[in-house]
Amino acid sequence: MAPYAHQHVEPLKDKALCVDWDQRGVWNSFDPALDYSKATVRDSVADLGALLDELGRRYGARPFALVGHS
């Protein structure tokens, strides 16, 4: 998680499932062996869909809040 993001997550953690998700090539998802220059918005949408599917598989139907920043 980006160091500054904790201030946004802290107030939510007792109310909802909080997941730190980084876009491809950012913070914890960076892999120097991969070329991110061709990543598209469609890739990001597909990644988010896969994340939501996995969260549903792991945690079932549970309320969540999707919060973003840049």
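Only the coordinates and a few stated rules stand behind these numbers; no lab work does. All values derive from a computational prediction rather than experimental measurement. Cβ placement follows ideal geometry from the backbone for every residue including glycine, while neighbour counts extend to all protein chains displayed.
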Would you tally the net charge around Ala5, using a Cβ to Cβ cut-off of less than 10 Å, leaving Ala5 out, and scoring K and R as +1, D and E as -1? -3
Just to confirm a number: summing +1 for Lys and Arg and -1 for Asp and Glu over residues other than Gly25 whose beta-carbon lies under 10 angstrom from that of Gly25, what do you get? -2
Formal net charge of residues neighbouring Ala39 (Cβ-Cβ distance under 11 Å; K, R +1; D, E -1): 0
